[in-house]
Structure formats: structure tokens, C-alpha cells
Amino acid sequence: MHAVQFVGAGPGAADLLTLRAGRLLAEADVVLYPGTYLDPEVLETCSPEADLVDTQDLDLDDIVGRMVSAQRAGRRVVRLVSGDPSLYSAVFEQTRRLDAEQVPWDVTPGVPAYAAAAARVGHELTVPLVTQSVVLTRTQQRSTAMPEAESLAAFAATGATLVLHLAITRTREVMAEVVAAYGPDCPVVVVYRASQPEELVLRGTVADIADQVEAAGLRQAAVILVGRALAERADPRAGESYLYDPRRDRTRRGDGERR
């Protein structure tokens, strides 16, 4: 029997699907997809004979029930998830239910939305001597409770580049939580529907980005990036990677390891 395939659809653009994702979609008999976040062009990769199921109005039990029924009928099932399955995809909840039903499954990664957003604005999120860490997180509103230790203020205190998913409707509150750590002039970039035809990029600061988001009327499908690595002009503290330093000793040891 075929395993149910969880496939990262990437940020939306069909040409950002991985080669494996494209092959699995072309072979699938049933494709369950998140209509809220997906560019319809992605579905053109599917076979014309495939059953396409938009899951935006289905609950978790409905989704899993359809996957189990189709898999037991000998059909190839693909469960598309937006971005990469490792982030906010509900893959854990779904695979736990599939395990209980003794249905095999596999996961194919995809391009995460935050990576597409950073690429769109031409920024590396880790800059030597400025920040070497990235925090991927979200906020709580009408959603699952956040663990008590995972406050935005605590993450912001590290100075890491902050990547916020599922937070666009709380932009003003978010900026109020991080301003003490980053300062009002810290760069912020918001990318709505990265890589899709409706893509919109907003550049601002902790002090003014909420005004821009509210003026644009953004309500979903946006990633917020916060941090000094996003400065349009080079941060005066920025250094260069030791990996490529001409002073670095590149001779090899006998076991092949570089010193």
C-alpha cells in the first residue's frame, strides 16, 4: 500500500516546488490542499484525473478520514501543506492519527515562507557580529496557547532576527512587546504572500510598521521579520565570515579535517 505523502508546497509559487514534490503531485490520485494559502497554479502540477480537496473548511478529523479512506482504497494520497511541513503545518496531529490507524506516511520538505520572504528583500537573516541566530515563532490570539516561557519579550532580548508567523493581525501589539529590546528604529519587513502574484512587501521600523500593515489591510498569509540584520545599509558592527577569511589556515590534517 502507498504511504500518505505530506508535501511542502513552498511559499506559493509553482516553480518553487521541489522536484520531488512535483513528481508526487503528478502521480497522486487524491490531493488535499490548503486553499487559503496556495497559489492555484501549484495544482496545475496535478494529474487531470486526480481528486482535489480544498481543506480550508474541513476539521482535522475530516481531513484524516479522507486520507485514510483513500489510502486503504489503494489510491496515492498527497497532503499538501503551505511552506515547509516542519513549521505550523499540523503534521504532528495528522501523523499521530495516521499511526493510530496503522497508515504509513512520509514527509517531503518545502521552501519555508520566511526563506522566500528573506530572498524577496535580498537579506541574509544572520550577519556576522550583528546576529547569528533566528527565532521562528508566532503569537496567540484565536489560536493554540503559547508555552509560558516563549514570550516575545524573552526572544527579543536575545537580539536574534525574529520571524513571526500567524501574527499579522497583532502587528501593533507585537511591536509594543519587542520595542524595549530592539528599539523603535529597528528594521522590520513584512512580506504578504511571498512569491505569489499578490505579493506585497512593506519595509519600516518597529515604530511605524503597524501603521503600514493596517493601511494595507493585511489579515493573513504574511511573515513579519524583525532585526538589525534587515538594515538596508550595512550595520557598522557587521563583520565578515571566518569561513572565508584569507587569514584562516586551510591546511588539512591527515584525517581530512580542516583546522
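Computed from the coordinates by the stated procedures, all read-outs in this text should not be read as laboratory data. If you're wondering where the values come from, they're calculated on a predicted model, not measured in any experiment. When we count neighbours, we look across all protein chains shown, and the Cβ atoms used for this are built from the backbone with ideal geometry, even at glycine.
Here are some notes:
- When Ser86 is tested against (1) closer than 25 Å to Val223 by Cα; (2) part of a strand (DSSP E or B), just one condition goes unmet, and that condition is (2).
- Residue, farthest from Ser195 (Cα to Cα), within the range 1-58, restricted to residues that are surrounded by fewer than 18 Cβ atoms within 10 Å (Cβ to Cβ) and small (Gly, Ala, Ser): Ala3
- Of the residues making up the range 117-129, one or more are outside any helix (DSSP H, G or I), touching a residue at least 24 places away in the same chain (Cβ under 8 Å) and either buried (at least 20 other Cβ atoms within 10 Å of the Cβ) or touching a Pro at 6+ places or on another chain (Cβ under 6 Å) (or both).
- Answer residue from the range 159-173, given it is more than 13 Å from Thr126 (Cα to Cα) and of a type outside the set (Lys, Arg) and is surrounded by the most Cβ atoms within 10 Å (Cβ to Cβ) among those: Leu164
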